[in-house]
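Report on the following structure.
The values are calculated or read from the model by the stated rules, or taken from the named source; none is laboratory data. Keep in mind that what you see is a predicted model, and the values were worked out from it rather than measured. Methodologically, a virtual Cβ is constructed for each residue, glycine included, from the backbone with ideal geometry; neighbour enumeration extends over all protein chains shown. Note: areas computed on protein heavy atoms with side chains; ligands, DNA, RNA excluded. Shrake-Rupley method; radii C 1.70, N 1.55, O 1.52, S 1.80 Å.
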Amino acid sequence: MHKKKIVMIGNGMAGIRTIEEILKNSIDTYDITIFGKEPHPNYNRIQLSTVLQGDTTVDDIILNNWDWYEKNNIQLFTGEMITNVDTDKKLVESNKGRQVFYDQLIFATGSSPFIIPVPGVDKKGITGFRDIQDCETMIKSAEDYKKAVVIGGGLLGLEAAKGLCNLGMDVNVVHLMPHLMERQLDATAATMLKEELERQGINFLMEKQTVEVLGDDRVTGLRFKDGSEVEADLIVMAVGIKSNAQLAKEAGVSTNRGIIVNDYMETDIPDVYAIGECAEHRGMVYGLVAPLYEQAQVLAKRICQVDTEPYQGSVTGTQLKVAGVDLYSAGEIEDDETTKSIKVHNDYEGVYKKVVIRDNLVVGTVLYGETAESTRLFRMLSKQEDVSEMTSLSILQAAGEAEESDVAIMPNDELVCGCNGVTKGTIVDAIHAQDLTTVDQVGGCTNAGRSCGRCKPMIADLLAHTLGDGFDAANQKEAICGCTTLSRDEVVAEIREKGLSTVKEVMHVLEWQNEEGCNKCRPALNYYLGMVYPDYKDERDSRLVNEKMHANIQKDCTYSVVPRMYGGVTNPEDLKKLADVAIKYDVPLVKLTGGQRIGLFGIKKEDLTAIWEELDMPSGYAYGKSLRTVKTCVGAKFCRYGTQDSMGLGMELEKKFERLDTPHKFKMGVSGCPRNCAESGIKDIGIIGIDGGWEMYVAGNGGTDLRAGDLLYTVKTKEELIDIASAFLQYYRETGKYLERTSKWVERLGLDHIKTVLEDDTQRKELIDRLNKTLARYNEPWKEAVEDGEIQDKYYTKLEPQLTTV
Amino acid sequence: MTTKTKVAITRVQELPVRAGIPVTIDGHSIAVFKVTDGSVYAIENKSPHPKGGVLSEGLVSGNYVFCPVYDWKISLIDGKVQAPDEGQVQTYHVDIEQNTIYISI
Ligand code: SRM
Ligand SMILES: Cc1cc2nc3c(=O)[nH]c(=O)nc-3n(C[C@H](O)[C@H](O)[C@H](O)COP(=O)(O)OP(=O)(O)OC[C@H]3O[C@@H](n4cnc5c(N)ncnc54)[C@H](O)[C@@H]3O)c2cc1C
Ligand code: SF4
Ligand code: FES
């Protein structure tokens with residue numbers, strides 16, 4: 001029998017969801033072909049903001065990998081664009097000349113950034129914010145340029161601005177209106193948002209209308225209607241989107257702002273459908289996934305000839321995905337004569353809530369600073385619940401103890417995942433029916449949490465509530481990599497239980513999907529094994545380049561050499577050696593590092609071992625997931641304020657803990673008094689001398705997640721201090737996930753929990769004991785390389801074959 | 001047609017397992033790998049990522065090497081960059097005769 005042939009134009013979120021729904025309804029009755037202009041499989045466009053902001057990679061946002069298409073027998077052409085549709089012949093044609101006939105055609109072409117039509121918009125250095133390519137353009141530009149201007153202070157513009165800011169650019173946001181996000185926020189919330197974003201480093205140019213893009217070949221700035229100008233070497237257009245409806249229009253399909261569809265996503269031409277941002281339904285073009293996914297369900301059923309309710313339009317809510325900003329808005333946001341609203345404005349804590357009510361029905365809400373009530377308010381809004389019986393307080397806050405986001409009292413039909421339209425009932429049923437235990441598994445079965453991710457905490461609450469004691473909150477994180485389904489804790493438990501002792505054995509026994517693993521799991525397993533067994537023999541080839549080479553690789557593939565200077569203290573001999581080596585090997589850069597020591601940068605790989613030999617100083621591990629430096633101040637020995645010998649303690653700590661493998665890098669600091677010249681507040685362990693003792697701070701971080709340390713204890717003696725530092729370090733080693741800094745780890749486990757462990761005498765003694773045993777296993781790696789010919793041959797020499805041409 | 005030159009590199013047992021060894025032949029930078037099953041591969045020693053690194057320093061897993069600077073996964077067999085990234089590095093034909101490795105370029 002001839003299978004019906006579905007052709008889809010567009011390989012994006014709404015389109016692929018439709019195909020997923022079709023496959024659910026009837027497998028194997030269709031022959032499916034998809035064309036996608038982008039070179040990627042379907043990915044989560046929503047998360048581009050997090051990619052730009054540096055929190056995830058492109059890999060992590062793929063929703064349907066290549067295997068998925070293959071497994072479902074879908075013919076996929078990526079990097080190929082449909083340029084012509086003939087609805088009479090039922091034929092599409094691509095820019096590569098490929099022609100494919102269809103029985104049913106789906107337009108899922110999405111939309112494109114709207115480019116404002118002013119002189120100069122064709123210059124280099126202008127991009128939209130729509131796809132991976134745009135993200136890459138921005139990331140690349142940030143390497144070479146400094147000044148970014150984002151035109152548009154809406155959702156996309158602000159997310160782009162924040163991303164560019166994180167990439168180190170100076171960012172100006174140009175906005176036409178007096179308030180940001182004027183379609184989602186009222187003046188009060190918009191002002192709070194603007195102040196917060198200004199604090200985060202973004203500058204705003206409000207009420208400015210762009211009239212010209214300046215520059216020759218590449219942009220140099222913008223001119224506004226009022227005559228003022230701003231400099232820019234990168235411009236991001238985020239003023240809005242326009243549906244990709246042109247292709248359909250040319251094919252004779254009726255279009256307006258988008259491709260016009262009825263309640264079943266049918267266009268006015270038989271067997272031609274449209275879905276997603278390219279479609280216009282009852283005058284609305286939606287730009288959020290939740291309504292598009294509702295459309296996808298209806299369309300899939302229609303195509304599979306299954307009975308379905310018509311699609312009748314959606315109410316949508318929005319949030320902004322910028323770190324440090326909690327914001328939610330839905331429905332009507334401004335009052336008029338027919339509405340009354342409840343408002344709470346706590347300027348001190350930065351919280352603002354507004355619920356707009358008309359005829360006893362909630363018609364809109366704006367939440368800023370605290371958005372826990374968003375789901376409940378959204379339900380009242382979309383279900384048109386009568387609130388006349390409720391007090392204003394109870395409208396703003398759920399009945400009973402509003403403390404926990406109370407999933408227990410939540411009705412079964414309440415939406416948990418707005419993006420994917422998944423209710424509490426669906427999730428609970430899936431947990432029971434399929435023995436689900438993790439948030440990722442729930443996503444796999446129900447789609448909940450797979451789009452913007454905002455609902456994940458609530459899914460975790462539901463798991464906890466549904467499974468009771470069977471739920472292990474700490475275990476909620478994903479598998480350690482794509483080679484296995486096991487989480488960090490499961491893998492470590494298996495290693496201990498089964499006595500697995502090598503990376504290979506772990507992969508073999510635990511049935512790894514790729515025989516030799518990947519660059520995520522290999523270093524992680526090597527670490528876990530080394531953590532479990534104090535006498536573990538390190539597997540050097542499972543370390544990534546920096547740790548494998550005991551030197552950081554640089555952009556031109558040379559290396560750096562950073563020797564120890566314990567506590568930042570040096571002496572003339574060492575300085576002389578460094579100078580001699582730098583001259584002899586023509587070292588391109590000699591620099592004081594941020595870790596109080598001297599680094600030699602730009603060293604050729606073949607010179608590494610010779611330089612190490614001549615320096616005859618220990619490795620500073622500037623490359624290691626290990627103790628980096630112990631920064632010190634001059635302290636009591638020289639400083640008039642010093643109360644304690646910070647240098648002495650710092651050097652002692654550095655000597656004791658150097659070389660130890662830790663889940664991520666580990667930094668310490670010791671200051672002689674509370675003036676804190678060694679910046680102890682942003683170290684993994686930071687120590688501050690006080691009269692008669694020491695304060696110990698932990699989990700500070702001066703890097704990506706700036707975090708001030710928490711005071712762990714105040715101790716009287718150095719012995720006590722070293723004991724606690726050892727136990728803390730070892731507990732971090734034993735429970736931390738590979739690549740988790742102490743800042744994240746402490747927040748995951750809770751400081752109180754860690755203190756309970758450290759305060760338990762037996763546990764503390766055992767931790768210290770295991771740490772000391774582990775410390776005994778290390779050799780000085782540079783010395784080892786200098787002395788061991790095999791290591792030199794394998795890692796540090798360039799093969800110079802006698803090139804006998806035959 | 002250009003004629004290929006066949007160059008003797010080293011003996012199989014001289015090559016370390018699971019580590020890339022850089023060689024330069026006639027101006028071509030090549031990374032030679034011996035993988036766990038003993039097979040030997042030679043590919044262009046530069047990740048196709050615009051800022052990619054030398055592949056000889058990358059982590060080797062099975063028949064793949066990971067670019068040490070940007071993590072791209074590259075097949076040693078056909079030089080193809082694995083999805084979701086894209087690209088391909090040149091591969092070189094390897095012969096092993098009497099325990100000696102030859103690369104044709
Ligand atoms: C050399 C140095 C910069 C300098 O010129 O001063 C440096 C250089 C590098 N840092 Fe750093 N960091 C240096 C001090 C810092 C500091 C400041 C400090 O330690 O007081 C920080 C912030 C403090 C902190 O970590 O809390 C810092 C936060 C980072 C981070 C972010 C870590 C985080 O958890 O957020 C990375 C990335 C990572 O580790 O994943 C990083 C990574 C890197 C790497 C290793 C990147 C890499 O993988 O190639 C750089 C190696 C360059 C090279 O060629 O060797 N570097 N890095 C500093 C070496 C100190 C040392 O003597 O060991
Ligand atoms: C940075 C960013 C953040 C966002 N944040 C959120 C959010 O927090 N919440 C939310 O709900 N939504 C968010 N969105 C919106 C959401 O991503 C979109 O609504 C959704 O992706 C639309 O799906 P779609 O399938 O209609 O279009 P798309 O996902 O854009 O897919 C359309 C695809 O069709 C391809 N195509 C177009 N024309 C052709 C042709 N002629 N031939 C072949 N292929 C073609 C395009 O290249 C594209 O890959 C965000 C969007 C962006 C860009
Ligand atoms: S921290 Fe205190 S003791 Fe140390 S240098 Fe600064 S002022 Fe002096
Ligand atoms: S609410 Fe966006 S993924 Fe669930």
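Do we have A:R777 as in a loop (DSSP other than H, G, I, E, B) and away from every other protein chain (no Cβ under 14 Å) here? Criteria met by A:R777.
The one condition from (1) in contact with an Asp or Glu (Cβ under 8 Å, 6 or more places away or on another chain); (2) under 14 Å from A:R741 (Cα atoms) that A:L711 does not meet is (2).
Within region A:324-344, restricting attention to residues that are of a type in the set (S, T, Y) and open to solvent by less than 30 Å² (accessible area, probe 1.4 Å), the residue that is nearest to the chain's Cα centre (by Cα) is A:Y328.
The rows are residues; the columns are (1) in contact (Cβ under 8 Å) with a residue 24 or more places away in the chain; (2) within 16 Å of ligand 1 (Cβ to nearest atom); (3) open to solvent by 30 Å² or more (accessible area, probe 1.4 Å).
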residue	(1), (2), (3)
A:L415	yes, no, yes
A:C445	no, no, yes
A:V491	yes, no, no
A:R496	yes, no, yes
A:K504	no, no, yes
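Checking each residue in region B:42-95 for being within 11 Å of chain A (Cβ to nearest Cβ), in contact with an Asp or Glu (Cβ under 6 Å, 6 or more places away or on another chain) and polar (S, T, N, Q) picks out only B:S61. Restricted to region A:391-401, and to residues there that are part of a loop (DSSP other than H, G, I, E, B) and surrounded by 15 or more Cβ atoms within 10 Å (Cβ to Cβ), the residue that is modelled with the lowest pLDDT is A:A398.
Restricting the search to helices (runs of 4 or more DSSP H) fully inside region A:445-535 and requiring at least 2 residues that are at pLDDT 90 or above and within 14 Å of chain B (Cβ to nearest Cβ) gives A:503-509, A:521-532.
In region A:102-121, the condition of being part of a helix (DSSP H, G or I) and either of a type outside the set (G, A, S) or within 23 Å of A:I202 (Cβ to Cβ) (or both) is met by no residue.
Consider region A:51-64. How many of its residues are of a type in the set (D, E) and either crowded, with 19+ Cβ neighbours inside 10 Å or within 12 Å of another protein chain (Cβ to nearest Cβ) (or both)?
Taking region A:51-64 as the starting set, the residues that turn out to be of a type in the set (D, E) are A:55, A:59-60.
Now narrow it down to the ones that are either crowded, with 19+ Cβ neighbours inside 10 Å or within 12 Å of another protein chain (Cβ to nearest Cβ) (or both): A:59-60.
The qualifying residues number 2.
Within region A:642-672, can you find the residues that are among the small types (G, A, S) and surrounded by fewer than 24 Cβ atoms within 10 Å (Cβ to Cβ)? Quick ask: steps written out before the conclusion?
Keep residues of region A:642-672 that are among the small types (G, A, S), which gives A:642, A:646, A:648, A:650, A:669, A:671-672.
Within region A:642-672, A:G642, A:G648 meet the criteria.
Here A:L247 clears all of (1) outside any helix (DSSP H, G or I); (2) open to solvent by 20 Å² or more (accessible area, probe 1.4 Å) except the condition numbered (1). Every condition in (1) buried (at least 20 other Cβ atoms within 10 Å of the Cβ); (2) part of a loop (DSSP other than H, G, I, E, B) holds for B:H49 except the one numbered (1). Taking the condition under 20 Å from A:E780 (Cβ atoms), open to solvent by less than 30 Å² (accessible area, probe 1.4 Å) and more than 9 Å from chain B (Cβ to nearest Cβ), does A:E547 pass? Spelling it out, A:E547 is indeed under 20 Å from A:E780 (Cβ atoms), open to solvent by less than 30 Å² (accessible area, probe 1.4 Å) and more than 9 Å from chain B (Cβ to nearest Cβ). Set side by side, the residues A:M651, A:M668 differ, and just one is within 16 Å of ligand 1 (Cβ to nearest atom), among the hydrophobic types (A, V, I, L, M, F, W, C) and more than 31 Å from the chain's Cα centre (by Cα), which is A:M651.
Hey, among the residues in region A:584-613 that are open to solvent by 70 Å² or more (accessible area, probe 1.4 Å) and over 36 Å from the mean Cα position of the chain (by Cα), which one's farthest from A:P572 (Cα to Cα)? That would be A:E606. Taken as a whole, region B:60-75 holds at least one residue that is in contact with a Leu (Cβ under 6 Å, 6 or more places away or on another chain) and part of a strand (DSSP E or B).
Residues checked against (1) modelled with pLDDT under 90; (2) crowded, with 21+ Cβ neighbours inside 10 Å:
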{"position": "B:D26", "(1), (2)": "yes, no"}
{"position": "B:I30", "(1), (2)": "no, yes"}
{"position": "B:F33", "(1), (2)": "no, yes"}
{"position": "B:E44", "(1), (2)": "no, no"}
{"position": "B:I77", "(1), (2)": "no, no"}
{"position": "B:K80", "(1), (2)": "no, no"}
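Criterion first (farther than 15 Å from A:K737 by Cβ, in contact with a strand residue (DSSP E or B) (Cβ under 7 Å, 6 or more places away or on another chain) and not hydrophobic (A, V, I, L, M, F, W, C)) does A:E516 satisfy it?
Details: farther than 15 Å from A:K737 by Cβ: yes; in contact with a strand residue (DSSP E or B) (Cβ under 7 Å, 6 or more places away or on another chain): yes; not hydrophobic (A, V, I, L, M, F, W, C): yes.
Judged against the criteria, A:E516 is a match.
Does A:Y623 fit the bill of being out of contact with any Pro (no Cβ under 6 Å at 6 or more places or on another chain), within 14 Å of chain B (Cβ to nearest Cβ) and either more than 16 Å from ligand 1 (Cβ to nearest atom) or of a type outside the set (V, I, T) (or both)? Before you say what the answer is, go through the steps one by one.
Working: out of contact with any Pro (no Cβ under 6 Å at 6 or more places or on another chain): yes; within 14 Å of chain B (Cβ to nearest Cβ): yes; either more than 16 Å from ligand 1 (Cβ to nearest atom) or of a type outside the set (V, I, T) (or both): yes.
Yes; evaluated as a whole, the condition is true for this residue.
If you check A:Y293, A:Y328, A:Y273 for being within 16 Å of ligand 4 (Cβ to nearest atom) and touching a Ser or Thr at 6+ places or on another chain (Cβ under 7 Å), only one passes: A:Y328.
Taking the numbered list (1) touching a strand residue (DSSP E or B) at 6+ places or on another chain (Cβ under 8 Å); (2) of a type in the set (D, E); (3) closer than 23 Å to A:C521 by Cβ in turn, A:E734 passes all entries but (1). When the test is whether a residue is more than 30 Å from A:K737 (Cα to Cα), basic (K, R) and assigned to a helix (DSSP H, G or I), A:K577 passes it. Inspect all residues belonging to region A:312-322 and state whether any of them is under 30 Å from the mean Cα position of the chain (by Cα) and at positive phi. Checking region A:312-322: not a single residue is under 30 Å from the mean Cα position of the chain (by Cα) and at positive phi.
Filtered by the rule that a residue be touching a residue at least 24 places away in the same chain (Cβ under 8 Å), small (G, A, S) and away from chain B (no Cβ under 14 Å), region A:65-124 gives A:S94, A:A108, A:G110, A:S111, A:S112, A:G120.
How many residues, within region A:345-381, are within 35 Å of the chain's Cα centre (by Cα) and either in the same structural domain as A:R199 (by TED's automatic domain parsing) or open to solvent by 60 Å² or more (accessible area, probe 1.4 Å) (or both)?
Within region A:345-381, the first condition is being within 35 Å of the chain's Cα centre (by Cα), and the residues that meet it are A:345-356, A:362-381.
Narrowing further to those that are either in the same structural domain as A:R199 (by TED's automatic domain parsing) or open to solvent by 60 Å² or more (accessible area, probe 1.4 Å) (or both): A:345, A:347-349, A:370, A:372.
Of the residues in region A:345-381, 6 are within 35 Å of the chain's Cα centre (by Cα) and either in the same structural domain as A:R199 (by TED's automatic domain parsing) or open to solvent by 60 Å² or more (accessible area, probe 1.4 Å) (or both).
Looking at A:L767, A:L749, A:L739, which is the one that is within 14 Å of another protein chain (Cβ to nearest Cβ) and away from ligand 3 (no atom under 16 Å from the Cβ)? Let's see the steps before the verdict.
Working: A:L767 fails: within 14 Å of another protein chain (Cβ to nearest Cβ); A:L749 fails: within 14 Å of another protein chain (Cβ to nearest Cβ).
Matching residue, one of A:L767, A:L749, A:L739: A:L739.
Working carefully through the options A:Y641, A:Y697, A:Y621, find the one that is away from ligand 2 (no atom under 16 Å from the Cβ), out of contact with any helix residue (DSSP H, G or I) (no Cβ under 7 Å at 6 or more places or on another chain) and under 24 Å from A:R733 (Cα atoms). Going through A:Y641, A:Y697, A:Y621 in turn, the sole match is A:Y621. For region A:707-748, enumerate the residues that are out of contact with any Gly (no Cβ under 9 Å at 6 or more places or on another chain) and not in a helix (DSSP H, G or I). Passing the criteria: A:L711, A:L712, A:Y713, A:G736, A:K737, A:Y738, A:L739, A:E740. Taking the criterion of being on the phi > 0 side of the Ramachandran plot and surrounded by fewer than 24 Cβ atoms within 10 Å (Cβ to Cβ), the only residue of region A:138-180 that qualifies is A:G168.
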